[in-house]
Structures are given as C-alpha cells and as structure tokens.
Number of protein chains: 2
Amino acid sequence: MATCDGSEARAALERSVLRRVPPLLTDLYQFTMAYAYWRAGRHNEPAVFELFFRDNPFGGGFSLFAGLSDCLLFLQNFAFSDDDVEYLRSVLPAGTDAAFFSYLKELDCSAVSVSAVPEGSVVFARVPLLEVCGPLAVVQLLETSLLCLVNYASLVCSNAARFRLAAGPRRRLMEMGLRRAQGPDGGLTASRYTYIGGFDLTSNALAGRLFGIPVAGTMAHSYVTSFSSLEEVWPQTLVPCGGGGPIDFICLVKGWLGRVCQLLGSKTSLVREGELAAFLSYAIAYPQNFLPVIDSYSVSCSGLLCFCAVALALCELQYQPLGVRLDSGDLCRQSLEVRRVFKECNKQFSVPQFESLIIVGTNSISEQSLAELNKKVSNEIDVVGVGTHLVTCTRQPSLGCVYKLIEVRGRPRMKMSEDPEKSTLPGRKSVYRLLDTDGPYLLPTFQSKCINICVCICDPGAQNQSELRFMHHLKAE
Amino acid sequence: MATCDGSEARAALERSVLRRVPPLLTDLYQFTMAYAYWRAGRHNEPAVFELFFRDNPFGGGFSLFAGLSDCLLFLQNFAFSDDDVEYLRSVLPAGTDAAFFSYLKELDCSAVSVSAVPEGSVVFARVPLLEVCGPLAVVQLLETSLLCLVNYASLVCSNAARFRLAAGPRRRLMEMGLRRAQGPDGGLTASRYTYIGGFDLTSNALAGRLFGIPVAGTMAHSYVTSFSSLEEVWPQTLVPCGGGGPIDFICLVKGWLGRVCQLLGSKTSLVREGELAAFLSYAIAYPQNFLPVIDSYSVSCSGLLCFCAVALALCELQYQPLGVRLDSGDLCRQSLEVRRVFKECNKQFSVPQFESLIIVGTNSISEQSLAELNKKVSNEIDVVGVGTHLVTCTRQPSLGCVYKLIEVRGRPRMKMSEDPEKSTLPGRKSVYRLLDTDGPYLLPTFQSKCINICVCICDPGAQNQSELRFMHHLKAE
C-alpha cells in the first residue's frame, strides 16, 4: 500500500496544480496577439512584463504576496498538448498560418526568467511583485494564468493577515470556508493561503493532506439532530482511560445530568434527549476528543447541560474533554455564561479538567466582528472559526492585479489610457524599502511603520539593478 | 493525432471535475461524524438531507440553480483511494477503530439517490434545491463537497442573469473574469455558469474547449504598447481579399490617415506611431478580424484615427473590419463620438462597411453601471465585457447554501438554533409553484411575477410525494 509521506504528498500537490492550470487556461486574446507577434517576426524579441496591484486591498495599508510557488510550477511545466493546439486551430481565424501551430507545440518557458518578492512578503500598491522576462510572445501568453494564480492567493492571504491582526496573537484561528468558496479550487487555495496569512487550522481535509496544514473539526448540527433517543446510543459502555472493566456510560451520564441540573437550577425535562444521546454517542466513540456543538436546540436549556453531564462523566473515567462550539446567537455573552458554568462545575465537583476546556465560536465572523470581539474583555472565546467572510473576501473580493508590458528590446514601454490611474510606469524598477535605524519602517503605511518607494529606471543598461529587494517579511504567525 | 471532438472534450471535462473534487475535499468533521455513526452502528440508517439557501442573493427576488451536473459526476465517482484513507488514519484520533478505515475503502454512492431542481432553474430562498437520500454516514460525508459545487455555481449563474436582465436582450455580453476569479477553478466555473446565466461569449480558452462556449478576444494594451515604430511592421504588404498582387499596406494606410485627419480636423503629429504600427501589424495578420483596443494613449487624438485609417485601407482591399474596444474613461460618451466618426467616414468615403462596425466596452462594469448604460439612449456600445464584478459577485460574494438533515429512518429532524433564522423546517417537502391562468406567477417575487410555496410534509409515509417540481425555467438567453 502506498504511504502518504512528504514526497508523495508533494507529488500529489504538483499534479493537482498542473491539472488545475493547463496553459489553455488563459484568455483567447493571448493567442491572437501571440500570432500577430509571430506573424511580424517579433515573437522572440526580449520583453519584460510586471505584475502589480493598483491599490492596497480592504482600504488598508498593505497586502501580502502569495501564489509564487504555483506560478513557478506552472512555468516549469508550460507546454501545449496536441489537443490544446487542435482546439486553438478550431477557434483562431481561418487565415492563421499553419506554421504558427507548429511553433505553439514547441513552446516552453525555458527562456523565461522571473524575479519576485518572496512568497508571504508584505507588499504595497504599484510595486512590482513579479517581473517576467522572456520572448515577447511567450511572456504575453502567460498573462492571464499568472494573474489568476497571484490575484486570489494574495488577496485571501492578506485577508487572513487582517483577521490575525484583528484577533490578536493569542486567539487561535481556524479556516472553514470550503463550502462557501468559489468552487473546489477556491476552497483549496483559501485553506492554503490563509494558513500562510496567519491562521492556525483548517477544516479542509484535502488541504491538510496536500499542504500539511493542521486540520480540525468534530461535529455539525446534523450529527446532533440525527439522534432522537437514548436507545440510539451504542455501545452504551466506556472503558475508563486508565483501564478496567466497561462502565455503563449512559447511567453514569444520567447521574451527572441530575447533579448539573440541580447545581444550575435547570429542569431536566427541558433537556433534549436526542442531544444528550448524540453527545453520549460521540464521547463513547471519541472519549479523548469530546468537543460538541451545543446550540442545536438551546444552549442554556439543553446543550450546555448535556455537555457538562457527559464531560463530567468523562472526567470521572479520567478522560480530558476538549470543550464546546457555539455557532449561533451572541457568542460573547454565551461564552461568558459557558465559562461561568465550567467554573461552577469545577468548584462544586472538583474537576480541574474543566479549567482547561476551550470555547470555539463560529457564526459569520467578519474582520470587524473579530476586532470587536477582541476589544471586549468580556468574552471567553479561545478559538474562532471563520468561513464566508474569510474565503470570499467580502469587503473586497478582488485584488485587481494587472500584468503590464514595461520593456521591449531594452526600451521602456508605457500605456497612457483615458483613466490617469490606469497609466503605467515604464521601464524596469528597483524597489527600495527605507528602514529607520532601529528597524521599523520610516513612514506609516503598514501598522504605522512602513514606507515603500518605487524608483523607475529607464536606463536600458540597468537591468541588473532590477532585483526586487524586500527587507521585511511578515511571519505566518 | 488526437482530435478534439465532442466525446474527447466531454471526457476531458469529466476528468477535470473529478480531479478538482476528490472525496477528501471536505471538512474533517464529516469523517469524525461518520466514525461516530459507524461506531454506534447507525451508518446505514436511511437519512435525507436537503440543500437550500436562506435568502435570495443580491437583495433580489430569485436565484438560478446550477452545479447539478458536477454534483452527479462527483457522486458517480465517489471513492476513497488508499492514500486518502492513510491520510485520514493519520489525522483521526488514535483510538479510531481500524475496521472503520476498511469501511471507508469500500464506500461509494450506489445507495444514494438525489432529487433536484433542473440545472438552470429559477429558484427561491428556503426551497430545497437538492434532496439527498441514502445511508446516514455516506450522505453526511457528501455535505461540504456538494455545497462547494452548488454554492458558487448558482451564485455566479444568478449574477450573470442579473447582468443579462440589466443589459436587456439585445446587447451581447462577454465574460472575461478569469484573471480576477478565486483561482483557476473559480475562473473556469465562472465561465461555465455565466454562459448558462445568459452571457454570450467568454475570453476563457479552456472553458471554450471543455464546455463549447463561444470564445472571443483580439488584443490587450500590451500588444499596442509593444510597438514603437512603423519599422516593426512586417510583412508590410497585404493581398486584397478578392486576390491579386500584394499591396504596400503601410503606404495605403498612411494615405488614409492623412485623409481621416483632414476630415476630422486632427493633427497627424499627435498620432502615436507605435499604435499605428500595432494596428497595421494586427490587420496584416488578421485582416478579417480587426478589432483593436483604441485607448492605449488617447482615443480621440490617436487610437480612433489609427483605427479609421487601417479600417479604411482594409475596406479598400475588400476586407470587413469588425470594430473597436474601449477600456477606460466614459464609455458612453466615447462610444457616441466613435459612432459619429464612423458615420462621417462612411459619408465622406462611401464605406458602407463602417455602418456595421461594433463597439465593445470593457471597464469595471457592474450590474448597476450596466443598468445605467442600458437606460441611456445616448450610447452606442454593442458588446459589453465584464470581469471582476461578474465573477467575484462583488455585491454578495456567497450564496450561503446550507445542507441540513431533515429525516432519519422516516422521522423528520429539525434544528432549532439560538438564531431563529437558522432553524430548519423538518421533513421532506413537496414544492408547488402556483401559476396564473395566463402563465405568469401569481404573486410578485421574481420580476414581479413569481410565487413559491414550500409545503412541509411530516408524514413519514409521504416519501413518494417528495419529488421537486418546478414549472418554470429561465432560458439561458
């Protein structure tokens, strides 16, 4: 049987990228332009494009750069299949010279070189992220694919960094946006680059396998609502953590439920039997990983009581329950109440394990709600799960990267446009980042500590000065 | 050599879907729940989930349903590889019974049945789009993948339909969002489902190949700015459409440029030589497909004059130029000016071909700007290209579909939640759509003509009434 070691996962990852990004995944006009270059004998003229965005995303002062490794993999494997070329023959105008298709079949990126900011770098508007040099027709063909690989990866990575800044360094962040992403690859890309941007965990199992990201998750409401009676719990016994004979776990939990209800002044008649059965059943299956979602019916009347009863029974058998998940309502208020109950249980029943229970909150968390939650001293949420607002980047769903021609045959090229902000800065650039003597950036653009200056070099001989140098790199955590 | 016929493209499409959506592309908690069901001996209990969204998207009155064919393909091929199972063994808690992994290796969807609204149907909030019946553990495992396949496909399809309604039936719509989508698959999904939603064309070559969508595109600004002098034009001759000896095309165009400048009172000295060279070169390569982007420097001082000169020369050689693309500035105002110049050229030079030239507009078009553009009688834009706002669904980047358990062993299941709007309607549903005697819907929810009524059937014996019936289907165009 094949084992899933690092090299196997790496190979699976590379296959996945290459299958998702065949060279035909580009705009048709790249081919019509490539043909026109070729027809004019200009296809091998040395040309330089640069990839950048015009405004920092989310109304903020910075972005992170991501997608580079996928770009390099794409370039290394760039080649058209016979089927690709036949398709192009069928859609390009009838007069297209047949020799052009032979030329396409021979193409690769061996003559292309790329200078880039390191993956995960803090970057700013209008600074080149990628500089792509090579034969004019080839570097033209690459435009859409490179933009597609950088645009969303950088955007979602930056969004994750903003969530991380809003959450503060202590709280753990979990990405769980697969179901709300732009299709399968949107979800996979989100899991990958939100981890780079500062998240701790993902719910996405494939992302765990391909990228080695820590995965997490226990149960959805459907698990809870699938149970309606204690008769559905099976097996009904649990062996204590330290060993010994199997204990009647239902009976044990029922006893604890009575004591918990008495302690909290709750009515056992309001506890949902199905919810208790679901928690019992899950705890029997995973006694070391008990972290149920407790809002399927009512947190205070049922979910929290069921949790405490099962968790106390687990503690009695020397297991360590993990905690609870809240997925609706006022998360802050509920987390305080949940924590209060945990403390009361410990006080009453001497279960120090209840002091280390965690509270996970997941309910349409946005950057703003996370920042508000972080400002409030009065909440007890340890882990925040974020889906929709993280992966769709609701506040600004596109970074708007562009890929512009800046040089041909050593001569700077420029676009003017009817919109002044769409004009380009001609020629290759050296990028400087000015640091203060004690480290932080001189002027306030990133966390009030950054400056970036983009210097245009129009001297064609200055190519070797065009290395992109960035002196600061935001760590993933 | 392999040919690219329909069956080959179909097979390529299926491979593409299956590679993008392996069964591991789901949330980890599906596996922890599946194990707990299995451990309790409940994994084969008959269960029913339904997939729906809670609110119509974009503040509107309807959505389209899309993604069904990918869902069915996913279900037909659902199986875990040995590597998948080994990965799961490495991330599930240590105590997980080894027999569960053998069970996973045997799993498929042969016991799963799906009832669904037809792909492309008009649908409404809280109405089931998919009803998935089968063994509890299996239909649980499918949740995230099905949501991922339906959520974005339906959202972008609905967005396209709104752009279509805003544009009116006459204007042609082109999707060109690949570079701004959520990665490669976001772009491919967008191309596919915006076509179903009412778009006419895509720029995405791979979407053209896989889905047979008409592709279009001619040139970007980089093509124009890559030229700086007429010396770069090669070949410099063009054979007339009707045959005959090659004509010195540069000389011919220069003559026309002088006449056009005289007609319009413009200065030839302001015309960019590089832009003229780019248009000349493109026209020589593609004399039957001449549609340049004319705003690389200045539409009125250079781009439009260059276009007219080259197009008049093409007409003289009996070719039919296609038109122009505007990509910046005030598209409406410019389109009027461009059309006026076309008419003046025809009047002065008797070129009836200039009466059928088209004007393409592409500049951050949103649904709102398209609606405004459509209201204005005073514009001459024939084709609108839409990218970012279409594929990222800026106004609402997630449809928010959910997948909820509604029945187990014939008994309705319900979730209550701390948020009343997150509560579910238990049991399987029959869906009715009430029509007026003359066809339109009775009550105004879709284009002021729709009603939908969702009837809950809690009788466990009523399963055969659960067929989802919709009586109206918005055509793709």
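Since every read-out is calculated from the coordinates, none of them should be taken as a lab result. These figures come from a predicted structure and were not determined experimentally. Cβ atoms come from the backbone with ideal geometry, glycine included; neighbour counts cover every protein chain shown.
On average, how many beta carbons from a partner chain sit within 10 Å of the beta carbon of a residue in A:138-149? Numbers along the way, then the final one.
Values: counts 0, 1, 5, 0, 0, 3, 8, 5, 1, 5, 13, 3.
Whole-number average of other-chain Cβ neighbours for A:138-149 is 4.
I'd like the trypsin sites (Lys or Arg not before Pro) in the range B:14-120 restricted to DSSP loop residues with at most 16 other Cβ atoms within 10 Å, sorted by number. Intermediate results must be reported in sequence, preceding the final value.
Numbers: sites: B:Arg15, B:Arg19, B:Arg20, B:Arg39, B:Arg42, B:Arg54, B:Arg89, B:Lys105; in loops: B:Arg42, B:Arg54.
Sites meeting the loop and neighbour criteria: B:Arg54.
Let me have the 222 nm mean residue ellipticity of the protein assembly as shown computed from DSSP H runs of 4+ only, each contributing -39500 (n - 2.57), with the sum over all residues rounded to the nearest 500.
Details: 32 runs with 372 residues, N = 954.
Computed ellipticity for the protein assembly as shown at 222 nm equals -12000 deg cm²/dmol.
Compute the signed sum of charges (Lys and Arg +1, Asp and Glu -1) over the other residues within less than 13 Å, Cβ to Cβ, of B:Gln182.
Details: positive: A:Arg20, A:Arg180, A:Arg192, B:Arg20, B:Arg179, B:Arg180; negative: A:Asp185, B:Asp185.
Value of the local net charge: +4.
By its C-alpha gyration tensor, with a ≥ b ≥ c as the square roots of the eigenvalues, how is the range B:1-142 shaped: rounded for a/c under 1.5, else prolate for a/b larger than b/c, else oblate?
In terms of gyration-tensor shape, oblate.
State the extension gain, in nm to one decimal, for the chain segment bounded by A:Cys251 and A:Val112, taking 0.36 nm per residue of separation less the distance between their alpha-carbons. Show your work: numbers first, answer last.
Values: separation 139, 0.36 × 139 = 50.04 nm, distance 7.06 nm.
Difference between extended and current length: 43.0 nm.
Please compute the average number of Cβ atoms from other chains found within 10 Å of each residue's Cβ in peptide A:410-422.
Mean number of neighbouring Cβ atoms from other chains: 6.
Under a crude label model (7 Å from the Cα following the beta-carbon direction), how far is A:Arg259 from A:Arg172 in nanometres?
2.8 nm
Once the label point is placed 7 Å from Cα along Cβ, list for A:Asp419 the distances to the corresponding points in the other copies, in nm, shortest first.
The projected label point of A:Asp419 is separated from its counterparts by 3.4 nm.
Need the full-extension length gain, B:Lys347 to B:Ser69, defined as separation in residues times 0.36 nm minus the C-alpha distance. One decimal, nm. Show your work: numbers first, answer last.
Numbers: separation 278, 0.36 × 278 = 100.08 nm, distance 5.28 nm.
The B:Lys347-B:Ser69 span can extend by a further 94.8 nm.
May I ask you to derive the FRET efficiency for A:Ser81 and A:Cys241 from their Cβ-Cβ distance with R0 = 60 Å, giving the value to the nearest 0.05? Don't jump to the answer; show the numbers that get you there.
Numbers: r = 57 Å, r/R0 = 0.95.
So the FRET efficiency works out to roughly 0.60.
Would you kindly derive the ³J(HN,Hα) couplings of the range A:409-418 from the backbone phi angles with the Karplus curve 6.51 cos²θ - 1.76 cosθ + 1.60 (θ = phi - 60°), listing them in order in whole Hz, with x for Gly and Pro?
In residue order, the calculated couplings are 6, x, 9, x, 10, 9, 10, 9, 6, 6 Hz.
Among the DSSP beta bridges whose two residues both lie in chain A, what percent are antiparallel, rounded to the nearest 5?
The answer is about 65 percent antiparallel.
Set the Förster distance to 30 Å, then compute FRET efficiency between A:Gln320 and B:Arg411 from the Cβ-Cβ distance, nearest 0.05. It would help to have the intermediate numbers written out before the result.
Numbers: r = 35 Å, r/R0 = 1.15.
Calculated value: 0.30.
If you count the DSSP beta bridges with both ends in the range B:186-391, what percent of them are antiparallel, to the nearest 5?
Working: 2 of 10 bridges.
Percent antiparallel among DSSP bridges in the range B:186-391 is about 20.
Which peptide among A:340-349, A:188-197, B:117-126 comes first, and what is the full order, when sorted by highest mean count of other Cβ atoms within 10 Å?
A:188-197, B:117-126, A:340-349
In nm, give the distance between the simple-model label positions of B:Asn44 and A:Ser378, each being 7 Å from the Cα along the Cα-to-Cβ direction.
Distance between the two pseudo-spin positions: 5.4 nm.
Any idea what the A:Asp108 label distances to the other copies are, label 7 Å down the Cα→Cβ vector, nm, shortest first?
Nearest to farthest, the other copies are at 4.0 nm.
For the protein assembly as shown, give the share of DSSP beta bridges that are antiparallel, in percent and rounded to the nearest 5; count only bridges with both residues there. Provide the component values of the computation, followed by the final result.
Working: 58 of 88 bridges.
Once the DSSP bridges in the protein assembly as shown are tallied, antiparallel ones form about 65 percent.
Provide Rg and Dmax in Å for chain B, with only Cα atoms included in the calculation.
Considering chain B through its Cα atoms, Rg and Dmax are 28.3, 88 Å.
Just need the relative contact order of chain B here, percent rounded to a whole number, with Cα pairs under 8 Å and 6+ apart.
That works out to 18 percent.
Considering amide H positions built from the backbone, and no H for Pro or chain starts, which residues 5 or more places from A:Ile358, or on another chain, come under 5 Å of its amide H?
Long-range HN contacts for A:Ile358: A:Gly323, A:Val324.
First measure r as the distance between the Cβ atoms of A:Ser423 and B:Asp55, then evaluate 1/(1 + (r/R0)^6) with R0 = 35 Å and state the FRET efficiency to the nearest 0.05. Don't jump to the answer; show the numbers that get you there.
On the way: r = 41 Å, r/R0 = 1.18.
The pair A:Ser423/B:Asp55 has a calculated efficiency of 0.25.
Measuring nothing but label to label, 7 Å from Cα along Cα→Cβ, what are B:Pro240's distances to the other copies in nm, shortest first?
Its label point is 10.5 nm from the equivalent points in the other copies.
Using Cα centres only, tell me the gap between the range A:47-92 and the range A:119-157 in whole Å.
That distance is 6 Å.
Debye calculation, C-alpha points only, no solvent: report log10 I(q)/I(0) for the protein assembly as shown at q = 0.04, 0.05 Å⁻¹, in the same order as the q values.
So the normalised log intensities are -0.21, -0.33.
For the range A:180-391, what class follows from the C-alpha gyration tensor (a ≥ b ≥ c being the square roots of its eigenvalues): rounded when a/c is under 1.5, otherwise prolate if a/b is larger than b/c, else oblate? Don't skip to the answer; put the middle values down first.
On the way: a/c = 1.94, a/b = 1.51, b/c = 1.28.
Verdict is prolate for the range A:180-391.
Here is the link list: B:Lys267/B:Lys375; A:Lys254/A:Lys343; A:Lys105/A:Lys404; A:Lys267/B:Lys429; A:Lys267/A:Lys343; B:Lys254/B:Lys343. Which ones come out longer than 24 Å on Cα distance? Numbers along the way, then the final one.
Values: B:Lys267/B:Lys375 35 Å; A:Lys254/A:Lys343 21 Å; A:Lys105/A:Lys404 26 Å; A:Lys267/B:Lys429 34 Å; A:Lys267/A:Lys343 20 Å; B:Lys254/B:Lys343 21 Å.
Over 24 Å apart, Cα to Cα: B:Lys267/B:Lys375; A:Lys105/A:Lys404; A:Lys267/B:Lys429.
Give me a single rounded figure for A:360-366: the average over its residues of other chain Cβ atoms within 10 Å of their Cβ.
That works out to 1 on average.
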